[in-house]
Amino acid sequence: MANLESFIRDVPDFPKPGILFKDITPLLASPAAFAEANDTMLAPFANEQIDVVVGIESRGFLFGTHIAEVLKVPFVPIRKAGKLPYETISETYDLEYGTATIEVHIDAVSKGQRVLIVDDLLATGGTTKAACSLIQRLGGELVGATFLIDLAFLPGRSVLEETGLRVEAAIDVN
Ligand code: AMP
């Protein structure tokens, strides 16, 4: 199996000038690379009790549903504002320009359930930090967060670790 990083395509200036977008579609196109990515994302948590996997819209759903199915535990989506049909709670957080809001269904996580957060990429950590708040407001306990890619030149990992969250990533980009 080739290096996982070779299945990530760098697309400069997408979706706007100055952003180097990490395109995971070549990884999704390779069943072997996709399987290895999921295995690598889950391995650090192999000895943890996990009751629920939470995936963050939208690429977190691709890995999160698969990991939940492997663990035989429920999958819960955290979505952008206005997408979830039932009653929700929401968190708003700062972006470089403006704010973003994410939501979760009020009955998605029960008190005391141990939650693993899954997303494709860790950048500033803002999205995951807001996701952690949603889970904690529902009474869930955070086991950690696992990512395919950590943009390690950005402060996301330390932002999350400062809150006590365990952070793991299959690929560190320096
Ligand atoms: P952040 O909240 O800054 O950690 O951003 C994380 C979210 O933004 C993830 O859901 C990523 O999918 C997306 N994202 C941020 N930067 C990039 C990038 N350079 N390439 C691809 N996705 C990105």
Between the modelled labels at Ala46 and Leu28 (7 Å from Cα along Cα→Cβ) the distance in nm is 2.8
For the chain, dividing by residue count, accessible area per residue (probe 1.4 Å) in Å² works out to 51
Taking protein heavy atoms only, a 1.4 Å probe, and rounding to whole percent, the accessible area of the chain owed to carbon and sulfur comes out at 51
The extension gain from Arg166 to Arg9, computed as 0.36 nm times the residue separation minus the Cα-Cα distance, is 53.8 nm
Where a ≥ b ≥ c are root eigenvalues of the Cα gyration tensor, a/c under 1.5 meaning rounded, otherwise prolate if a/b exceeds b/c and oblate otherwise, the stretch 135-174 counts as prolate
Distance in nm between Ala152 and Lys72 label points, each 7 Å along Cα→Cβ, equals 3.6
Expected unfolding gain across Asp39-Lys80 under the 0.36 nm per residue rule, minus the alpha-carbon gap, is 12.1 nm
Relative contact order of the chain (C-alpha contacts under 8 Å, at least 6 apart) in percent is 18
Of 66-72, 52-58, ordering from highest average Cβ density within 10 Å down gives 52-58, 66-72
Straight-line reach check, Lys83, cutoff 23 Å on alpha carbons, 8 or more apart in-chain or any other chain, hits among lysines -> Lys129
Yeah, the chain with a ≥ b ≥ c from its alpha-carbon gyration tensor (a/c under 1.5 is rounded, else prolate when a/b outruns b/c, oblate otherwise) is oblate
quick note, the chain, DSSP beta bridge pairs, % antiparallel (nearest 5) is 35
Taking 0.36 nm per residue of separation between Leu95 and Lys16 and subtracting their Cα-Cα distance, the length gained on full extension comes to 27.0 nm
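The values are calculated or read from the model by the stated rules, or taken from the named source; none is laboratory data. All values derive from a computational prediction rather than experimental measurement. Neighbour counts run over all protein chains shown; Cβ positions are idealised from the backbone, glycine included. When the accessible area is computed, the model is the full protein with side chains, heavy atoms only, and any ligands, DNA or RNA have been set aside. Shrake-Rupley method; radii C 1.70, N 1.55, O 1.52, S 1.80 Å.
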